[in-house]
Amino acid sequence: MTAFNREAYIAEAIESVLVQTYPDFELIVVDDASTDRTVAIAREYAARDPRVRVVVNERNLGDYPNRNRAATLARGRYLKYHDSDDVLYPYCLDIMVRLLEAEPTAGFGLTGPGWPGGPTPILSTPRMNYQREFLGYGMFMCGPACAMFRTEVFRRLGGFPTDFGPAGDYVFWLRACAEYSVVLFPGELFWYRTHPGQELYTPAGARHYARLGVVTWRALHATTCPLDEAERARAKRNSAFNMAKQIWRDLRAGRWGLGLFRLRHSGLTPAEWVRWLRPPKRSSLAGSPLDGHGECVVPAWIRLP
């Protein structure tokens, strides 16, 4: 749990971990030089429960550098981020651990607001990951708190990039989901709190997100992209349309500077805009395991005998 000036929320965040039905964990709170009572509150819990450990940075590192520092302190086989303003549901860790144990080929698992295209859990291969993101309705929008990692996998990936602000998680998923299979966990396993203090709502955060176009475009051209040629062409078409739509929304809202910034960081040449800007073709079944009849595959654990 990384924290910076979260005195209003951190007590609820910590308590939601301590009531987990899965008891074998260590909660490491890494404070990023807060100036309020965040550290004092965290230390109160550490004094009462030996599973809580508090570390305080000497200087402010920033969000993703602090997340990477926190990961170096983890001693467990699995690693999970829990944001200091969110609330875990009591069964969260239990479900995540059990499903990762059941799928040893997966590098990590993700929970989201419901995965379209079939019942979960789903073991999603790298190709299926990219199909769901670029040919379906998204997968890489998840924040770090949506995941549980095998600790060695997270470290092998080198942690989160630190030069994209709050958009660093998307850049991370582009690489991680091209390399590793993922367990898509069923349902929402925590409550994601939104409030004005989050960095993604700042002008600087908006500009970081506006830089993602070129990163996406390069990923679709990379040799590591797991899509076949036809799928890659469709993904480029969908991505170009999505970028154009975002630019249009910026301009209509009077955010001319942001819209032009997004255009400059799209990664597309004028010729590529002409070639790829077409209406999107997406499917809710993209990235879903299907049988020979095109029906969704039902996980073995919920099949009738």
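The values are calculated or read from the model by the stated rules, or taken from the named source; none is laboratory data. The shown structure was predicted, so the numbers you read here are calculated from the model rather than taken from an experiment. Reconstructed Cβ throughout: ideal geometry from the backbone, glycine too, with neighbour counts over all protein chains shown. With ligands, DNA and RNA removed, areas are computed over all heavy atoms of the protein, side chains included. Shrake-Rupley method; radii C 1.70, N 1.55, O 1.52, S 1.80 Å.
The table for this structure:
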quantity: Qualifying positions in the stretch 110-155 - open to solvent by 10 Å² or more (accessible area, probe 1.4 Å), farther than 24 Å from Trp217 by Cα and assigned to a helix (DSSP H, G or I); calculated: Cys146, Glu152, Arg155
quantity: Sole exception among (1) at positive phi; (2) touching a residue at least 60 places away in the same chain (Cβ under 8 Å); (3) out of contact with any helix residue (DSSP H, G or I) (no Cβ under 7 Å at 6 or more places or on another chain) for Gly158, by number; calculated: (2)
quantity: Filter result for Thr2 (polar (S, T, N, Q), at pLDDT 95 or above and open to solvent by 60 Å² or more (accessible area, probe 1.4 Å)); calculated: no
